[in-house]
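Everything below concerns the one structure shown next.
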Amino acid sequence: IREILIIVIGAIVVSAGLRAFVFEPFTIPSGSMEQTFQINDKVMAQKVVDFHRGDVIVFADPGGWLGEPVNQSTGWRRGLELVGVLPDTSRNYLTKRVIGMPGDTVSCCDQQGRVSVNGHPLDESGYLYSDGGQPVAPSEIPFTVTVPAGRVFVMGDHRNASADSRCHLEDVTPGQPEGMAAFVPVENVTGSVVLIIAPFERWRELTTPATFDAVPPPEAPAPRDPQIRVEGGC
């Protein structure tokens, strides 16, 4: 019994260490990232390497995106989630794709209906949600933003079902410039998703889409406050 207890405790310690510093599993709670992810997919986020434009990230609610945080699980199951034995099913986290890094200017849409980053139009056909073989529009909301320092601009792959950065560009938060809530603080990011681990038939590795490779760096340092021009809202 003592040896079994040592093995179990050792496994929990190792699992907790991996969760804290290397990898952390999560469960996808909504359809905002379809078809990249399906609802209830189990994914793995890595914490070792910095994320980049185009990566899918898991991040804590920056404030007001989810309403009142609610955990799906309680008791012993929640305990196993906290040490990394089970995927985190709490609703305190969101999963979106990074479109703009600090200092980037993101706009939509050009004459071909594309999102552009620092003047480079993105080919998003490889990951946007497809309805009957036709990808959804990159955005129904025309906007141009410059991402402030220490923050990122994110969008879901199912743009018609994602209350992402676009939906918070007119939010007013006490003590912050208008629209600041639309930009996710870098410190809120848990890590970038690198694997779909379950169900088994959907197991695959995630990589950064090639279209982001050609995005030029921003022309100026990231501003302290966001620069926003938007027409309409979600």
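Would you kindly state how much longer the chain becomes between D61 and A137 on full extension, computed as 0.36 nm times their sequence separation minus their alpha carbon distance, in nm to one decimal? Residue separation times 0.36 nm, minus the Cα-Cα distance, leaves 24.8 nm.
Using the Cβ-Cβ distance between N40 and N92 with R0 = 25 Å, the FRET efficiency computed as 1/(1 + (r/R0)^6) comes to roughly 0.90.
Quote the relative contact order of the chain in percent (integer), defining contacts as alpha-carbon pairs under 8 Å separated by 6+ residues. Once divided by the residue count of the chain, the mean separation gives 25 percent. For region 112-233, relative contact order (Cα pairs under 8 Å, six or more residues apart, normalised by length) works out to 33 percent. With protein chains left intact and a 1.4 Å probe, residues in the chain average 51 Å² of accessible area per residue.
Can you send over the carbon and sulfur percentage of the accessible area for the chain, probe radius 1.4 Å, protein chains only? Exposed carbon and sulfur together represent 56 percent of the surface. Computing FRET efficiency as 1/(1 + (r/R0)^6) for T208 and D110, where r is the C-beta to C-beta distance and R0 is 25 Å, gives about 0.70. You can think of it this way: the chain between V230 and D123 has 36.3 nm of extra reach, that is 0.36 nm per residue less the Cα-Cα gap. The label point for S130 and the one for I7, both projected 7 Å from the Cα toward the Cβ, are 4.7 nm apart. With only Lys, Arg, Asp and Glu charged, each at its Cβ (+1 for the first two, -1 for the last two), find how big the charge dipole of region 91-234 is about the Cα centre; round to the nearest 20 debye. Dipole about the Cα centre, nearest 20: 280 debye.
The values are calculated or read from the model by the stated rules, or taken from the named source; none is laboratory data. As the structure is a computational prediction, the values presented were derived from the model and not from experiment. Glycine gets a Cβ as well: all are built from the backbone with ideal geometry, and neighbour counts include every protein chain shown. Ligands, DNA and RNA are stripped out before the accessible areas are found, and what is left, the full protein with its side chains, is counted by its heavy atoms. Shrake-Rupley method; radii C 1.70, N 1.55, O 1.52, S 1.80 Å.
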